[in-house]
Amino acid sequence: MTNASAPNYLDANATEPLRPAAREAVLSGLLLSGNPSSVHAEGREARRCLEDARSRISAGFGRISGTCVFTSGGTEADAMAIHAFGQGRRILIGATEHDAVRKAAPNADVIPVNDQGILDLEILRQRLADGAPTLVCVMAANNETGVLSPLEDVAALCRDSGAHLHVDAVQSAGRLPFSLTECSVALSGHKMGGPKGAGALLLPRDEPIDALMVGGGQERGRRGGTQPLPAILGMAAAFDEAQAQNWSAIEALRERVEQVAVAAGARVAGRQVARLPNTSCLVLDGVAAQVQLMTLDLEGFCVSAGSACSSGKVAASHVLTAMGETTGASQAIRVSLPWNVRAEQVDAFCDAYERMARRLSKR
Ligand code: PLP
């Protein structure tokens, strides 16, 4: 049943609903009154909890604790990596990277993707062939389409040419395993079901970096500012719970959405390649994304357009444009199923989508 007063939330890639374990961990963090940098007993207890969170998150990525620098979220982690590893290096980024990367590296060379959203490895190989010092930024999974990058191949090319690889794993962390250890990795707590306000940059090794924020020398001089302990504890708990999630059950619900949407006339961006289990980018030719969003919102469904400006307006998606879409780049919505989605919500969404497609795409 859809109910406008209790909307059906299908916008997990914008932010996952708070997981129960994360809520508990946040509350426990709020009760820790000490500052993790203080040497007295209260400070030491806060520090113990902070370091426990750090080692759990690092271990999930096959790394030691000293590689994990806490940040305010994914945007800061990407900016920190580009600041630390971009200096004195040429920067190459994938065409479908998030604005957190694109805006932090405005002069980067852009590596194109194919019509499924997959990075052109041959062009990357050619660009790296001169062996010049380079930072390569490639996302693990795209936030709009869910398309997964060929990370093992990218890492091999970077290894051969001595380039530093930075991976934005904001959308894949907790949803998919991650085995590369020789790259930096950006994480965001609220995309895993933690609270907003915490993220992390994982480094390839325990090393000093040129900090974006200096201040009191926290995070061993790599990121100044008192750590937001409740948000960090919430992120660690969310990460543990996300890794234990049955994602194939969510993928089965996602398949149902796509079957119904395609039968109703939609196209699924990146459908031929591996994607996140929860994400569908549905292009409905001839119907503006804004109109689709408003129609579904009135029916009680929270989904999003490929690319929403901070003004709330819907712009053409740079991701879909890079994949060769023309008008379709402003006629797509993203459905991203949250960890707590229920089958009846998906069924209700399918009915609403079918009705919308029948009514609007024939006009
Ligand atoms: N990178 C990707 C792929 C994202 O999807 C997002 C947020 O949507 C970010 C980075 C930024 O993360 P945050 O909201 O934690 O700053």
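Overview of results
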| item | result |
| --- | --- |
| Least to most buried among 326, 75 (fewest other Cβ within 10 Å first) | 326, 75 |
| Full-stretch length increase - residue 354, residue 120 - with 0.36 nm per residue and alpha-carbon distance subtracted | 80.7 nm |
| Sequence-distant residues sharing a close amide H with residue 71 (under 5 Å, placed H) | 199, 200, 201 |
| The chain: proportion of alpha-carbon pairs further apart than 36 angstrom, % | 23 |
| All Cα pairs of segment 92-146, percent lying beyond 18 Å | 30 |
| Neighbour-count ranking [beta-carbon atoms within 10 angstrom, fewest first] of 213, 294, 356 | 294, 213, 356 |
| Footprinting exposure proxy for 19, 54 (fewest neighbouring C-beta atoms within 10 Å first) | 54, 19 |
| Estimated dipole of segment 52-128 in Debye, rounded to 20 [Cβ of Lys and Arg +1, of Asp and Glu -1, Cα centre] | 320 |
| Unit charges at the beta carbon, dipole of the chain: most positive-side option, 301, 249, 82 | 301 |
| Nearest 10 degrees, 0 to 90: helix 151-161 Cα axis against the chain principal axis | 50 |
| Computed label-point distance, nm, for sites residue 263 and residue 160 using a 7 Å Cα→Cβ extension | 4.6 |
| Label-point gap, in nm, between residue 44 and residue 288 - each point 7 angstrom along Cα→Cβ | 6.3 |
| For the chain, share of DSSP beta bridges that run antiparallel, in % to the nearest 5 | 50 |
| Inter-centroid distance (Cα atoms) of segment 6-54 relative to segment 225-284, Å | 23 |
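Bear in mind that the values in this text are calculations on the coordinates, not laboratory data. The shown structure was predicted, so the numbers you read here are calculated from the model rather than taken from an experiment. Every residue, glycine among them, receives a Cβ derived from its backbone with ideal geometry; neighbour counts consider all protein chains shown.
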